[in-house]
Amino acid sequence: MRVGIGYDIHRFREDGTLRLGGIEISEAPQLDGHSDGDALIHAVIDAILGAAGEGDIGQHFPPGDPATRGIDSRELLTRMVRLVSARGFVVHNVDATVIAERPRLGPHIATMREALARCLSVPSSAVNVKATTHERFGSLGSGEALAALATVLLDEDSAS
Ligand code: MG
């Protein structure tokens, strides 16, 4: 078993629709970023890469690469799951926390778990997503930005 952690933070744009945990959430604008800005998926990717000893998301997807401009982060996650699978690892479980003053995420948690679980090839019971506010402190607390933390446990794939 190998454990990894991930963290990401993105600023909200003024326009677009929020992409988070692999779903669209119409109650908030999109997060700024080279890809679709999905900070939760990026934190999960960093946790997976950390657990596998494979560096970080920036090494695999250099910022500014035209090939990943505006890309759906689910595609990035699926590719990294494939990469660690080729190294003999499968995802055991994921736990994540989103820190944001907006939007209210409670009604979307189950859908995010399902979307992430599909990319990770695990049941949604193996993907936990929590949400908390930043108690109005700083850039997260003012609703300027959204952050995400993730922990992943990988198993050595007994089939490989
Ligand atoms: Mg990011």
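Details
- Protection-proxy order for peptides 151-158, 66-73, each taking the mean of Cβ atoms within 10 Å per residue, highest first: 151-158, 66-73
- Rounded, prolate or oblate (a/c below 1.5 giving rounded, otherwise prolate when a/b exceeds b/c) for the stretch 52-157 by Cα gyration tensor: oblate
- Each residue of the stretch 49-65 was assigned a 3J(HN,Hα) from its phi angle through the Karplus curve 6.51 cos²θ - 1.76 cosθ + 1.60 (θ = phi - 60°); the sequence is 5, x, 5, 7, x, 10, x, 9, 4, x, 6, 8, 10, x, x, x, 5 Hz, with glycine and proline shown as x.
- Within the stretch 41-131: Cβ-based charge dipole about Cα centre, in debye rounded to nearest 20 (Lys, Arg +1; Asp, Glu -1): 240 debye
- Distant-in-sequence amide contacts of D32, defined by a placed amide H-H separation under 5 Å and a gap of 5 or more residues or a different chain, comprise R11, F12, R13.
- Taking N as its residue count, the alpha carbon Rg of the stretch 1-59 over 2.2 N^0.38 Å: 1.23
- Low-density loop cleavage sites - trypsin sites (Lys or Arg not before Pro) in the stretch 1-42, where at most 16 other Cβ are within 10 Å (DSSP): R13
- Highest-first packing order for the peptide set 104-110, 135-141, 76-82 is 76-82, 104-110, 135-141, based on the mean count of other beta carbon atoms within 10 Å.
- In Hz, Karplus ³J(HN,Hα) per residue of the stretch 110-126 (6.51, -1.76, 1.60; θ = phi - 60°; x = Gly, Pro): 4, 5, 5, 4, 5, 5, 5, 4, 4, 5, 8, 6, 10, x, 5, 5, 8
- Neighbourhood charge, 10 Å Cβ-Cβ cut-off, centred on H108 and excluding it, Lys, Arg +1 and Asp, Glu -1: 0
- Averaged over its residues, the chain has an accessible area of 49 Å² per residue, based on protein heavy atoms and a 1.4 Å probe.
- Once backbone amide H atoms are built at 1.01 Å from N, G143 has E101 as its partners under 5 Å, excluding neighbours fewer than 5 places away on the same chain.
- Accessible surface of the stretch 2-156 [probe 1.4 Å, protein heavy atoms]: carbon and sulfur percent: 49 percent
The values are calculated or read from the model by the stated rules, or taken from the named source; none is laboratory data. In this text, all values refer to a predicted model and were calculated from it rather than measured experimentally. Note that we place each Cβ from the backbone using ideal geometry, even for glycine, and neighbour counts take in every protein chain shown. The area values use the complete protein model at the heavy-atom level, side chains included, leaving out ligands, DNA and RNA. Shrake-Rupley method; radii C 1.70, N 1.55, O 1.52, S 1.80 Å.
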